[in-house]
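Trainee: Here it is, the structure, as structure tokens.
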Amino acid sequence: MANRKAVLTKYVKTSHGWRHCPVVFSKANNVKAILVNGLQISPDKTAGPYQIRTYHGDQMRYRSVGTDPVEAVNQWRLIQITLDNPDLEIPAAPERGKTIADFAKEFLYARSLEPHRSRDTMDNYRVVLEEFQANCRKQFPEQIVQTDILAYHKALRVRGLSDRTASNRFGTLSTFLRYMNVDVKALIPKQTRRKLTQYVKKEVEIYTDEEVEDLMAASRRAYHKVLWQFLYQTGFRMQEAMYLTWSDINFKEQTVSVTSKVDLDFHPKDWEERTVPLVVDLSRKLAVWRQQDASTRLVFGTDTDKPNDKMLYALKRIARRAGLNCRQCESCQKTGAKECERFYLHKFRATYATRLLQSGVDLRTVQRLLGHSDLQSKCVTYSRPRAQRYKVQLIRLSLRCEAALSQPLSQHFWIEAHECA
Ligand SMILES: [Zn+2]
């Protein structure tokens, strides 16, 4: 006798890996919970599709029916009816195309194949696709309506993300929707689209001298002292500091470079290597730091000489210890002043750029020191004379940096946020 029962499960990532977990029904026969390792978990807290288990002879088969619980129960009922009534002819559901999840996988794969695709961009795509799918709960692209997109945007803002981030994510989502042949322009009127992409361009935040000094004082480990000073006096991006090796530092010429590390899968942003001056005091500190352990490859690696991706946590922790948390920002309010949004690594970069501009270094040069894409394409094909000219410039620049980075900061000199991103 064949097994005539269809079972609705959810394919869930558990602590033991992906498992088919039984669905617990409410009295009204809706999905109430998912039974994961013997515990009833809210369906919202489990990622993965609903799957219906049936038997064909002895063979167990699973069929995915999407992530929407209502749709999953409907499909399950339909299958159960066909199993209970083998003579009944029920028209098969119309054949549908690829699901949003299928498209998402395909989209990410296609993007990953494009040359010069940075890890940050891929991470960003991944985040947006996951968030949108979790939020919209539609299975097929043709089911997407205006409110799905608006609700996603709203959810981002409710979570406390800035208008700027929400705008960026909407842009990324639009790219994906277009990939699925969803006509965003037809779905959302122009005026609404404009609202979704609007954000106030904020003035650049920079650290004050006092804040930097307090951070230094509150840092117990030499590692952090050198790291903060490095970020502050080179304007390096976090990733660039993470993957900095000792061979990137030229103590003789007093320069530091951003270079590719193919084996670590690190490539400078916009695929542009660059060299910037090292101020004397920082150079000395780095030399002392090197003496502590001459065996590592990375300058700011972990104890096992791996790239350290916990720099931001350390900064937040030390800012808190130094009593610098503002108690006013959203993050401070939410966390009881345990974590302050006014402390982040990129702010060192903004401070660096601002100081150089303040001391009279022109914007083009500052952009070059920061490693900006718009100017960089020109640097790639540096001819020899130009390379030499840059070397001469570097020497001059090192003097400017020296002066600029030890001058007190004026709070009233700002540059546009995007100019130091
Ligand atoms: Zn704060």
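Trainee: Using 7 Å Cα-to-Cβ label points, what is the L35/Y179 separation (nm, one decimal)?
Mentor: Taking the two extended label points, one gets 3.8 nm.
Trainee: Set Lys and Arg Cβ to +1 and Asp and Glu Cβ to -1, take the dipole of the chain about its Cα centre, and tell me which of G360, P277, S331 lies farthest positive.
Mentor: S331
Trainee: Continuing with this model, one more query. Principal axis extents for the chain, Cα atoms only, whole Å, descending order, please.
Mentor: 89, 45, 43
Trainee: Another one. Under 10 Å, Cα contacts only: if you run a Gaussian network model on the chain, which one of V24, V366, V182 comes out with the highest mean-square fluctuation?
Mentor: V24
Trainee: Looking at the chain as a GNM with Cα springs under 10 Å, which of D84, D183, D58 has the largest mean-square fluctuation?
Mentor: With Cα springs under 10 Å in the chain, the top fluctuation among D84, D183, D58 is at D58.
Trainee: Which of the lysines could a cross-linker span from K261 if the Cα-Cα distance has to be under 30 Å and same-chain partners fewer than 8 positions apart are dropped?
Mentor: K105, K225, K252, K269, K285, K306, K310, K316, K347, K378, K391
Trainee: Something else about it: So what's the back-of-envelope 222 nm ellipticity for the chain, counting only DSSP H runs of four-plus at -39500 (n - 2.57) apiece and dividing by all residues, rounded to 500?
Mentor: -14500 deg cm²/dmol, from helical runs alone.
Trainee: Going by Cα centres, the stretch 103-128 and the stretch 7-64 are how many Å apart?
Mentor: Distance between centres, Cα-based: 29 Å.
Trainee: Of T245, T208, how do they rank once you tally other Cβ atoms within 10 Å and put the fewest first?
Mentor: Listing T245, T208 from fewest to most nearby Cβ atoms yields T208, T245.
Trainee: Okay, next question. For K5, K190, what's the fewest-to-most ordering of other Cβ within 10 Å of each Cβ?
Mentor: Details: K5 11, K190 8.
Ranked by crowding around the Cβ, least crowded first: K190, K5.
Trainee: Which ordering of L215, L399, L286 is given by a fewest-first count of other beta-carbon atoms within 10 Å?
Mentor: Result, fewest neighbours first: L399, L286, L215.
Trainee: Sticking with this one: For the chain, what is the charge dipole size about the Cα centre, in debye to the nearest 20, if Lys and Arg each add +1 at the Cβ and Asp and Glu each add -1 at the Cβ?
Mentor: It comes to approximately 320 debye.
Trainee: Do any trypsin sites (Lys or Arg not before Pro) in the stretch 7-54 lie in a loop, going by DSSP, with at most 13 other beta-carbon atoms within 10 Å of their beta carbon, and if so which?
Mentor: When the trypsin sites (Lys or Arg not before Pro) of the stretch 7-54 are filtered for loop state and at most 13 Cβ neighbours within 10 Å, K27 remain.
Trainee: Then there is this: Which of L394, L173, L264 ends up with the largest GNM mean-square fluctuation for the chain, with Cα atoms connected below 10 Å?
Mentor: L264
Here, each number is a calculation from the coordinates, and none is a lab measurement. Here the structure is a predicted model, which means the values were calculated and not measured. Don't worry about glycine lacking a Cβ; one is built from the backbone with ideal geometry, like all the others, and counts go over all protein chains shown.
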